[in-house]
Amino acid sequence: MLTKWGAALDKEKVLLEYPRPQFRRSNCEILNGVWEYGITSVTAQVPPDRFDGEIVVPFSPESELSGVGRSLKPNECLWYRRQIEAPLGYDTNTEDLILHFGAVDQFAEVRLNGMTLQHHAGGYLPFSVVLTDALVSGIPNELIVRVRDESDTSCWSRGKQSEKPGGIWYTAQSGIWQTVWLERVPKRHVEFLRITPRYDQEEVEVTVWTNCGGEGSVKLLASETPFISGIPVRLSMAGFTPWSPEQPKLYDISFSFEHDYVESYFAMRKFSVENDEEGTPRLNLNDKPYFHNGVLDQGYWPDGLYTAPSDEAMIYDIDLMKSMGFNMLRKHIKIEPMRWYYHCDRMGMLVWQDMVNGGGQYRKDAITLPLILGNSHDDGDYAYFAREEVRGREAYIRELNETVSLLYNCPCIAMWVPFNEGWGQFDALKAVEAIRAIDTTRTIDHASGWHDQKGGDVKSLHVYFKPYRFQKDRLGRAVVLSEFGGYSHRVEGHTFNPKEFGYKRFATKEALTGAYERLYEREIIPAKAKGLSATVYTQLSDVEQEINGFVTYDRAEVKMDLERVRKINAALTDAKSNDDSQEAEIEQKQDN
């Protein structure tokens, strides 16, 4: 099944946009496009004598857009090969050539001209390889990437991928699934940025790390300020414009260090939980109550699986939800390419970011029965949650830290969600501590759905099979309905397979829209008045056998009346009152 963007794909010009808008340099060579691939036994340590054919990177071999259409099994090894050349004028004495991978699922080994340069574990996070020592100028260099993927047959993080898809679990994918690119940098260069808006102080705090120490300068609002590597610098933002979904104001910032130059951006905004005038805990944006009216977003595509067929396709999803009146997307058990977060930043869309789950084979009484029974279990019981393997738990914590660090500079991230519905959950309170050791600027939903360990900033509930009735949290946390709805409607000619999964089925677009209106009018809008702080409707699009999206899996047919959905959502938004207060706040700051 193709989307319109997949149907128009030029395999020689695939996802050519700069892949890392939060950390931009002027030189970049995108390596997406046609590579060679081969599949061998997992025991093979050398590439095959003859490769099997061509694959379009960065689409996984399981996807239609890759041109392969073959699943990589846990007992197999996937090989990639292509030629690269040193850039014209490249000087190995003063420069490094760095190869960047947005994500490779699940274990990757990178070789250049037969030399192994790096191993990487984890299918959702970026990594980089310095090619300098193995690169030969003036001739083609052979780049080999060897990949293994154990999917859901082991304890490693795999999200909603399954070797046996069905219900709420989807087709497993493997290999390179985000952009690959080359970057030419000075040997002494900027390595990492950390940008923290200090909203109440009208300042932004920036920390720049280089690979060699030293001093540089940061340019903001036409002023330059010196920095020392690793030392925070605070810069005035007096009279700033606050960022919100209704007014997504971004500020450009740049960093100079010797011969290196990096551009980025940030926003002035603040997320917190505070009591309102009636003493009810609510989610706040910029020190004012702000209802997070959101949608569950799986980030799957029928033709690209984990990989959107184009930048425009990613923008379409965000824009469609905004046009329906939503202000938040819950990115469900997946980490997107950095461009997706950039679009949320610039278009004005809050993001709740889930961590990617792992562990052994989940028990029904741990992940399914609580939906009916509402029970919670002590997540120190590793066997109950299929988390017996120490290496799996250690990998999760490492990836949690990397995820928070990776996305820290994205203004749109409002909430971290370390665990969902008990999928591989363990020591959730320690996960909260780990997040807060890195980031104190966002709120945390420590156990979305059930198995509440009485931590985090919110009481998080999933309700599908019974009416929702608001109840305050005894611990004084804000209350959020972090999954609900799931109403389904099948649109013939736009379904992935004949199987169907949804929580309540409707035969027509009219019936589906009417049910949505009644659900919000009877349960959600009254609950907001009592103290409900956020909702996450299931879901943005159909996904494989799930037919409960606002739009079909191929993004061709919107399944509800857009204007009626927008009207319902307008009753939930705090945008008008929040904008009015922000305007008054801006005027006051400017007067001062």
Correct semi-axes for region 220-289, from √(5λ) of the alpha-carbon gyration tensor and rounded to whole Å with the largest first, are 33, 14, 10
Note the listed values (i) 52, 24, 23; (ii) 37, 31, 22; (iii) 72, 24, 23, then indicate which one is semi-axes √(5λ) of the Cα gyration tensor in Å calculated from this particular structure. (ii)
Hey, can you rank 51-64, 138-151 by average C-beta count inside 10 Å, highest first? 51-64, 138-151
Taking 32-39, 316-323 and ranking on average Cβ neighbours within 10 Å, highest first, one gets 32-39, 316-323
Where both partners of a DSSP beta bridge lie in the chain, what percent of those bridges are antiparallel, to the nearest 5? 70
Averaged over every viewing direction, what's the projected area of the C-alpha convex hull for region 92-175? Give it in nm², one decimal, please. 6.4
If eta is 1.567 mPa s and T is 4 °C, what Stokes-Einstein diffusion coefficient results for region 305-348, Kirkwood Rh from Cα pairs, in µm²/s? 118
Over its Cα atoms, what ratio of radius of gyration to 2.2 N^0.38 Å does region 271-588 give? 0.96
For region 10-186, what percent of Cα pairs sit more than 31 Å apart? 14
Can you give the calculated 222 nm mean residue ellipticity of the chain, where each DSSP H run of n ≥ 4 adds -39,500 (n - 2.57) and the sum is split over every residue, rounded to the nearest 500 deg cm²/dmol? -5500 deg cm²/dmol
Given all pairs of distinct Cα atoms, region 469-527 yields a Kirkwood Rh in Å of 13.8
Translational diffusion of region 154-247, µm² s⁻¹ [Kirkwood Rh, Cα pairs; Stokes-Einstein; 4 °C; 1.567 mPa s]: 73
When ranked by the protection proxy of mean other Cβ atoms within 10 Å per residue, highest first, what sequence do the peptides 266-274, 166-174 form? 166-174, 266-274
Tell me which cysteines of the chain come out unpaired when the rule is another cysteine's Cβ under 4.7 Å. C28, C77, C155, C212, C410
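Where a number appears in this text, it was derived from the coordinates with a stated rule and is not lab data. Here the structure is a predicted model, which is why all the values come from computation and not from measurement. Don't worry about glycine lacking a Cβ; one is built from the backbone with ideal geometry, like all the others, and counts go over all protein chains shown.
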